[in-house]
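Q: So that we are looking at the same thing, I have put the structure below in structure tokens.
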Amino acid sequence: MPHDPIRLSFKIEAYSPETLPMARLAEYMAELSTMLGERENVHFVELQDGSVGLIHEVSHVAFPKVEARARSVAVGTAPTEAMNAYRAINRKLAEDNTSASYSVQGSAGTAEIVRFPGVQAAKPFELQPVEQLGSIDGVVIGVGGRAIGKNTVPVIVDTGDAIITCSTTRGLAKQLGHYLLETQRRFQGTGQWQRDESGTWTLKRFTIHGHEELDETPLLDVVQRLRSVASPLTTTSDPLGDILGERRSESDLN
């Protein structure tokens, strides 16, 4: 005898079906589907009145997998894609100034599996920006414009990964104008770095103090040039043995 599907509810506290935008509902449904996995076995049924209850059914066979994955999300041991979806839902809830819960519905009531604190979550500790000396490599794609600070000139550098608006003195800006859209250069200076909650560091601003041309000689040419340099080690059949022999000779002399 086939078993009835299991009903579950994703309940958003601050919305009602009349006030929840359809586009936002679609975003929540997409993330919830990713979090649960078993996409072929999870089916939307209805929106429940009151606070928005996103009701869906899971086949009796697939429910143990869905429940196990949801519980692993609750304790932070779920696969990466599930945890990322959980975090995305929490961010959306915080943006919507609300929270939510995920529960199993049964004849005896509901049993919560996962809690989404959303706006109630503790705010992550925000690290202060770190300022330090460093360098960036890139091509000057713009010089001048609205000044970033007093007596400074903006210099826009394309690093290949990002477009960074730097600042520098008028004298250095005038020099860098000669390298506009030319080859890559290395820019030395002081950078301000900010770390986000995921641990990624982002360069917020950079003040250029100096610059130099980068050697763009292909690696193969560099290797061939090194091989052409005359050295006893390039002509011996046992370079390591020769080096050790020289060290023993020096030791005997001492």
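The values are calculated or read from the model by the stated rules, or taken from the named source; none is laboratory data. What you see is a predicted model, and the numbers here were worked out from it, not measured in a lab. Methodologically, a virtual Cβ is constructed for each residue, glycine included, from the backbone with ideal geometry; neighbour enumeration extends over all protein chains shown. Accessible surface areas use protein heavy atoms only, side chains included; no ligands, DNA or RNA. Shrake-Rupley method; radii C 1.70, N 1.55, O 1.52, S 1.80 Å.
Q: Going by the structure shown, is residue 68 of a type in the set (A, V, I, L, M), assigned to a loop (DSSP other than H, G, I, E, B) and more than 26 Å from the chain's Cα centre (by Cα)? Reasoning before the result, please.
A: Values: of a type in the set (A, V, I, L, M): yes; assigned to a loop (DSSP other than H, G, I, E, B): no; more than 26 Å from the chain's Cα centre (by Cα): yes.
Spelling it out, it is not the case that residue 68 is of a type in the set (A, V, I, L, M), assigned to a loop (DSSP other than H, G, I, E, B) and more than 26 Å from the chain's Cα centre (by Cα).
Q: Continuing with this model, one more query. Looking at residue 182 and the list (1) under 23 Å from residue 194 (Cα atoms); (2) acidic (Asp, Glu); (3) surrounded by fewer than 13 Cβ atoms within 10 Å (Cβ to Cβ), which single condition is not satisfied?
A: (1)
Q: Oh, and also: For the condition among the hydrophobic types (A, V, I, L, M, F, W, C), in contact with a Pro (Cβ under 7 Å, 6 or more places away or on another chain) and open to solvent by less than 30 Å² (accessible area, probe 1.4 Å), what is the one hit in 52, 66?
A: 52
Residues are listed down the side, and each one gets a yes or a no for (1) modelled with pLDDT of 85 or more; (2) assigned to a loop (DSSP other than H, G, I, E, B); (3) closer than 16 Å to residue 102 by Cβ:
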residue	(1), (2), (3)
10	yes, no, yes
15	no, yes, yes
18	no, yes, no
35	yes, no, yes
60	no, yes, no
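Q: Can you give me the number of residues within region 72-112 that are surrounded by fewer than 18 Cβ atoms within 10 Å (Cβ to Cβ), in contact with a strand residue (DSSP E or B) (Cβ under 6 Å, 6 or more places away or on another chain) and not acidic (Asp, Glu)?
A: The number of residues fulfilling the criteria is 4.
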